[in-house]
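Written below as structure tokens is the structure these notes are about.
The values are calculated or read from the model by the stated rules, or taken from the named source; none is laboratory data. Note that the coordinates shown come from a computational prediction; the quantities given were computed from them, not determined experimentally. When we count neighbours, we look across all protein chains shown, and the Cβ atoms used for this are built from the backbone with ideal geometry, even at glycine. For the accessible areas, the whole protein counts, side chains as well, though only heavy atoms, and no ligand, DNA or RNA atoms are used. Shrake-Rupley method; radii C 1.70, N 1.55, O 1.52, S 1.80 Å.
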Amino acid sequence: MRVLGIETSCDETGVALFDSKRGLVADALYSQVAMHADYGGVVPELASRDHTRRLLPLIQQVLDEAGLTRTDLDAIAYTAGPGLVGALMVGASTAHGMARALGIPVLGVHHMEGHLLAPMIEDEPPAFPFVALLVSGGHTQLVDVQGIGRYRLLGESVDDAAGEAFDKAAKMLGLDYPGGPLIARLAEQGDPKRLRFPRPMTDRPGLDFSFSGLKTHTLTATRQLEAAGDLDEQARADIARAFEEAVVDTLVIKCRRALDQTGLKRLVVAGGVSANARLRERLARETDKRGARAYYPRGRFCTDNGAMIAYAGAQRLLAGEHDELGIMQAVPRWPLASLAAPAGT
Ligand code: ATP
Ligand code: MG
Ligand code: FE
């Protein structure tokens, strides 16, 4: 089955073609990051308009790359939520319009299920069951995954998502949006011994997270050094390092706990923050120690992309799931654990 995947939930337009026999055939991405950078964050209305501009050319690009035409498609999958409602509607209406014209099935996919299944596109995909750490701009969740649509939430952030905390801390350090990769780069020059930030919610049992306090901590440290006239490039790097160490250490502690609690030996890490090199390095050490293994998407599929939507959609479409004719889905808030397994699986 050849499935076209469309992702427009936030600030990247992603399109991909997944063939259930051949795997990923082609993918293309247009990031709006530069457009939103002047505003320090994503402006919803600008995002929707830009998806409208980019989506059809991107679909054509993917078809050309695959050497196919629209009539070769067997189904279309699009991100139905969670995300910005206007942005979601661009993908949903395009998918439904195309599917209606071509007379093929179309399915709305959960964005976080896309992130969660992204490592399945790689060469050595994880087998079920596994623990998933979803760490993105809007989510920080630990999930017990028994199969597609068999998700049990083990813990999540009670306030900011880890990626959001990276972005906010970056802003305080005068870095651009999105701040995650920039903090990571700056932190490489930082002295890990100069400052120590807390590891929130690790001193009590449970698998929930809290990252808003680290933001305050970053602000306080920045102001103190500034007042003392010491906020030079080295000091900013030291703050970035302390911040990154605190986030990574907190994530690692909770992953360890989740593996212990579930007795599972496979850990999937996905979402934008899963691209973080220090996090991968620390988790590798942890999983090695306990005879477990961590699985990730390739770098460019950690953040939003069309490939994960094409893949997740294909799994459900193959099981016979599809939207009702002409009823597109755009669901801004949509808990992952409310999903069901595809019928008959
Ligand atoms: P969600 O998937 O929850 O709806 P989103 O789609 O905006 O949110 P993603 O695109 O998955 O999130 O990830 C973007 C986030 O990942 C940003 O917050 C960004 O700062 C962060 N990020 C990307 N690369 C890195 C990195 N190397 N280190 C830390 N954070 C990173
Ligand atoms: Mg994004
Ligand atoms: Fe995302």
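Hey, can you tell me all the residues within the stretch 288-326 that are more than 16 Å from ligand 2 (Cβ to nearest atom) and closer than 21 Å to K265 by Cα?
Correct list: D288, K289, R290, G291, A292, R293, A294, Y295, Y296, R298.
Quick check on R100: is it away from ligand 2 (no atom under 16 Å from the Cβ), in contact with a helix residue (DSSP H, G or I) (Cβ under 8 Å, 6 or more places away or on another chain) and in the same structural domain as L318 (by the TED database)?
Against the criterion (away from ligand 2 (no atom under 16 Å from the Cβ), in contact with a helix residue (DSSP H, G or I) (Cβ under 8 Å, 6 or more places away or on another chain) and in the same structural domain as L318 (by the TED database)), R100 does not qualify.
Look at D64 and say whether it is open to solvent by less than 40 Å² (accessible area, probe 1.4 Å), part of a helix (DSSP H, G or I) and among the charged types (D, E, K, R).
No: the conditions fail for D64.
I need a count of the residues in the stretch 2-43 that are in a loop (DSSP other than H, G, I, E, B), open to solvent by 10 Å² or more (accessible area, probe 1.4 Å) and modelled with pLDDT of 95 or more.
Residues meeting the conditions: 5.
Only one of D304, D260, D288, D232 is of a type in the set (D, E, K, R) and either open to solvent by less than 30 Å² (accessible area, probe 1.4 Å) or within 16 Å of ligand 3 (Cβ to nearest atom) (or both); which?
Going through D304, D260, D288, D232 in turn, just one is of a type in the set (D, E, K, R) and either open to solvent by less than 30 Å² (accessible area, probe 1.4 Å) or within 16 Å of ligand 3 (Cβ to nearest atom) (or both): D304.
For (1) more than 16 Å from ligand 2 (Cβ to nearest atom); (2) over 14 Å from the mean Cα position of the chain (by Cα); (3) not aromatic (F, W, Y), each residue gets a yes or a no:
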| position | (1), (2), (3) |
| --- | --- |
| G108 | yes, yes, yes |
| E113 | yes, no, yes |
| I121 | yes, yes, yes |
| P129 | yes, yes, yes |
| G155 | yes, yes, yes |
| Y177 | no, yes, no |
| A187 | yes, yes, yes |
| P192 | yes, yes, yes |
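Of everything in the stretch 314-345 that's open to solvent by 60 Å² or more (accessible area, probe 1.4 Å) and outside any loop (DSSP other than H, G, I, E, B), which residue is nearest to Y78 (Cα to Cα)?
L318
Within the bounds of the stretch 260-267, is there any residue that is within 16 Å of ligand 2 (Cβ to nearest atom), in contact with a Phe, Trp or Tyr (Cβ under 6 Å, 6 or more places away or on another chain) and in contact (Cβ under 8 Å) with a residue 60 or more places away in the chain?
Looking for residues that are within 16 Å of ligand 2 (Cβ to nearest atom), in contact with a Phe, Trp or Tyr (Cβ under 6 Å, 6 or more places away or on another chain) and in contact (Cβ under 8 Å) with a residue 60 or more places away in the chain, one finds none in the stretch 260-267, hence no.
Would you mention how many residues in the stretch 284-308 are more than 19 Å from the chain's Cα centre (by Cα), in contact (Cβ under 8 Å) with a residue 12 or more places away in the chain and outside any loop (DSSP other than H, G, I, E, B)?
Residues flagged as more than 19 Å from the chain's Cα centre (by Cα), in contact (Cβ under 8 Å) with a residue 12 or more places away in the chain and outside any loop (DSSP other than H, G, I, E, B) within the stretch 284-308 amount to 3.
Could you check D191 against (1) within 14 Å of ligand 1 (Cβ to nearest atom); (2) open to solvent by 50 Å² or more (accessible area, probe 1.4 Å); (3) assigned to a loop (DSSP other than H, G, I, E, B); (4) of a type in the set (D, E) and say which number it fails?
Exception for D191: condition (1).
So in the stretch 14-46, with the set limited to residues that are under 16 Å from G272 (Cβ atoms) and in contact with a helix residue (DSSP H, G or I) (Cβ under 6 Å, 6 or more places away or on another chain), which one is farthest from ligand 3 (Cβ to nearest atom)?
Going through the qualifying residues, I end up with Q32.
I need the full set of residues from the stretch 210-259 which are touching a residue at least 60 places away in the same chain (Cβ under 8 Å), within 14 Å of ligand 1 (Cβ to nearest atom) and either hydrophobic (A, V, I, L, M, F, W, C) or over 18 Å from K168 (Cβ atoms) (or both), in order please.
F211, A240, F243, V247, L251
Can E281 be described as assigned to a helix (DSSP H, G or I), surrounded by 24 or more Cβ atoms within 10 Å (Cβ to Cβ) and either at positive phi or over 16 Å from the mean Cα position of the chain (by Cα) (or both)?
When the stated conditions are applied, E281 does not pass them.
Please note which strands (runs of 3 or more DSSP E) are completely contained in the stretch 96-175 and include at least 2 residues that are more than 16 Å from ligand 1 (Cβ to nearest atom) and within 22 Å of E321 (Cβ to Cβ).
106-110, 140-147, 150-156
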